[in-house]
1. Would you point out which residue out of L756, L676 is open to solvent by less than 30 Å² (accessible area, probe 1.4 Å) and closer than 22 Å to G512 by Cα?
2. Could you please tell me which pairs satisfy a Cβ distance under 6 Å, a separation of 6+ or placement on different chains, a first residue in the stretch 71-99 that is farther than 30 Å from S54 by Cβ, and a second residue that is aromatic (F, W, Y)?
3. Does S692 satisfy the criteria of being within 30 Å of G533 (Cβ to Cβ), part of a strand (DSSP E or B) and in contact with a Lys or Arg (Cβ under 6 Å, 6 or more places away or on another chain)?
4. Assess whether I693 counts as being surrounded by 16 or more Cβ atoms within 10 Å (Cβ to Cβ) and touching a strand residue (DSSP E or B) at 6+ places or on another chain (Cβ under 9 Å).
5. Out of all the residues in the stretch 122-168, which are aliphatic (A, V, I, L, M) and modelled with pLDDT under 90?
6. Taking the stretch 271-298 as the search range and keeping residues that are part of a helix (DSSP H, G or I) and modelled with pLDDT under 90, which one is surrounded by the most Cβ atoms within 10 Å (Cβ to Cβ)?
7. Would you point out which residue out of S762, S811 is open to solvent by less than 10 Å² (accessible area, probe 1.4 Å), among the polar types (S, T, N, Q) and free of Cβ contacts under 8 Å to residues at least 60 places away in the same chain?
8. Which of (1) open to solvent by less than 40 Å² (accessible area, probe 1.4 Å); (2) in contact with a strand residue (DSSP E or B) (Cβ under 9 Å, 6 or more places away or on another chain); (3) modelled with pLDDT under 95 does A505 not meet, given it meets every other one?
Amino acid sequence: MKADILREKFLRFFKDKKHRIVESDSLVPWDDPTILFTPAGMNQFKKEFMGYDSGFKRAATSQRCLRTDDLEKVGKTCCHHTFFEMLGNFSFGDYFKEEAIAWAWEFLTEELKIKADRLWVSVYKDDNEAYKIWKDKIKIPADKIVKLGDKENFWPSQAKEKGPNGPCGPCSEIFFDFGNDTGCKKPDCNPSCSCGRFTEVWNLVFTQFNRKDGGVLEPLPNKNIDTGMGLERLAAVMQGAPNNFETDLFKPLIKEIEEGLSPKGAVPKNELIYAIADHIRAVTFAVYDGILPSNEGRGYVVRKIIRKSILHLKSLGIKHEFLYRLVPVLAEIMKEPYPDLGKRRENVSQVILAEEKNFISVLNSSDVLFKEKFRQLIKNPDPESAGAIAFNLYDTHGIPLELTKDWLSKQNIKFYQADFVDLERVFNQELEKQKSRSKLTSSMRGDVFDIKDLDVDVKETKFLGYEDCETSAKILKIIKDNSAVKKVSSGEEAKIILDKTVFYAESGGQVGDRGEIVKGKNIFEVLDTRKSGKAVVHIGMVKAGTFKKGDTVAAKVNIGRRLSIARNHTATHLLQAALRKVLGQHVQQQGSLVAEDRLRFDFTHFKAIDKEELERVEEAVNNWIINNYPVVVKQKTLAEAKKTGALAFFGDKYEGRVRVISIGDVSKELCGGTHLDAVGSIGIFKITHEGSIASGVRRIEGATGAFAYKVINANERIISEVESILNVEKDRIPQQIQAKLSRIKELEKKQSTEKLGNIKDSVDNFLNNAQVINGIRVITDVIADADMDLLRRTVDLIKEKTGNSIIALGSKKDGKALLVVGVTGDLTQKDKDASKIIREIAMPIGGSGGGRPDFAQAGGGKPENFASAFERLKEILK
């Protein structure tokens, strides 16, 4: 039975049991700073588990998840993964153990027709209730019910003893038995054995306690159900596969990897192929959810997984860019649950390809890196320092320890042969420190459930701000210094929560509204508006009088500011449409800011945008503004909205019903923000800045209305000043500047010629100051204020007068370091290569370079380090 059918059967089964089928959350946990990635199906329901009423008490999902705890085990075992889908059914104070157990058994044995005698179960050692349900109601033989302890059958694991505080409870697991001819083959083998005979299929968590300090367990007033079943494991069981990687979720990926192996017929290493097939799923869906490779946070994890995959490919003999080719294969496998992946596969492929190119380049130049990092240690051997350097190379550049050890071994440095033990010890110590740091930033902090959103004790504030900018409302709660108070007076800062409001709370990149809450002559100035759950929190200060809980007040938004924000928000939609029109449909939003005075839009694009393209984008937006298209808002279900082709932003979490903002036939997006009624009210749109902010991501900043007018006015003033300085008409400014630049170049050329004449007279000085190292004449010097052309010509002059020489010349020009290396023809025939030399000696000046065997050049930012660069050249020759 294919995985797509299993997923569909599971969701349909629980829909028939009156569960709300909820779409998978993003891998980026929405509004949850306690975790880096979504690790389980229950994470998007934290508020519901804590008592928040979302309008349903039962839910079922197929949640995409990402975990890196077992990264080193992936591919080596039958069922460890970084990315996986978790099928889950949940109850929020509705049904409990009996129904959860009965339905799990019904689905497996009746819906999927798994033979009951192939299933075993485990229960928590003190959970007699679950034991009796399995034994007496489901009729599982007692010898197939295993009682396990706090580590295996309590959630969170060992929470009773070690915490954290918060909801917890016993769990019961269902195992599939591959048969007594599998694994250890011992007659007393059961699910507590790790021999591989049993695989956990489904975990049923009974959240019935609240853990408090000291390990005290209090019964929860509302008991919850949280279950999780890995689709990959279930597919392996249903397809009779020996492991998860031999299912239809992985086979096409594995086939593509095997076909890419070189030479053909080489024996594939299954564990590496399995790991790559797993990792491409994790990386693809991470990028799909907007996580781009970087050096911190989630992006660092994605980069680490990509690099690990590249190293696996290298071990298989694939040393070129390959990983990106697996994205279309995965898109085809996942087209049923994730049709949008197919539409975005080129975007995702480009991100992965760029990362592959960068890392392969690092690996190809690793010899230079090794020489740079270990240069001092070759003179002064110290295995502990070597271990720290090895870890830095791994952490910063992704170079594995084995590659470093291999290079060190080839250097014939004897102490390393004896002291790899110390090197590895220090490396592993640093690795453990890093893992600890990662856990601190990525694991759950404090209690299991972050209840800050529930401190306001208000379930929902009714929002009227789409239609009105003023309303009468009642004060439900006043918070001062994080505590509820009955009143606040003039000069005091506070947070006020109303039963209804017209103030838009910061969301989706749009800043929160400002304005006033008024009661007669009493005024509360609202300086910001935020959300806490579905409650709207008005943050500000009492300017006059007193406000009390229960007061009836008037809530008034600053209309002028609201309109400026609306101009920018509507213009942002037009901007995305223009970018997709000019640059291509691959453009996808990666982030935005919509403020009163500016807008910012981040989007996927894989090369620089030229001036003409930027002008076309700005022109398209302004043409649409002139056409004054109406802005139409409609409420639709999420499924209906997606069918119409409305664009959604990966970073937003959408409810069952969504707002679709349409602008003529130009733009259609899902959006909860405030907008204009027609785009003509934008007035004018002006791009103020464009640039790259990350690999494959660019940013445009702009302004609209009066703020755009100010930008244009400021530009006009600058032009007027230039007009005055040059004493020419405005339309003659470019020609006049060009003429002056030509004159400057002419003078510089004349000066350069004079300098070259002086240098010609000084060639003998260069030769006389040369140093002979191992029979080779080495000429090094710094020439003041020389450009690259003058340095090159100086090298040529020296070559004309000598042979058997290597020349390295530097110059400080406009604060930058310029460096050239020349090798005479007789030495290039003896394998002396200027391009290789310059790569090694350019590091001290903070740069890199390249060129031909006879001449190479480099630039950097540290001209004060020329002496170090020249010294390194001499060390190489020695």
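The values are calculated or read from the model by the stated rules, or taken from the named source; none is laboratory data. Given the structure is predicted, the values throughout are model-derived calculations rather than measurements. Ideal geometry is used to build each Cβ from the backbone, glycine not excepted, and the neighbour counts take in all protein chains shown. Accessible surface is based on the protein model in full, side chains and every heavy atom, while ligands, DNA and RNA are left aside. Shrake-Rupley method; radii C 1.70, N 1.55, O 1.52, S 1.80 Å.
1. Exactly one of L756, L676 is open to solvent by less than 30 Å² (accessible area, probe 1.4 Å) and closer than 22 Å to G512 by Cα, namely L676.
2. G75/Y274
3. no
4. Judged against the criteria, I693 is not a match.
5. Selection gives A159 alone.
6. The selected residue is R298.
7. Criteria check complete, one pass: S811.
8. Looking at each condition in turn, A505 falls short on (3).
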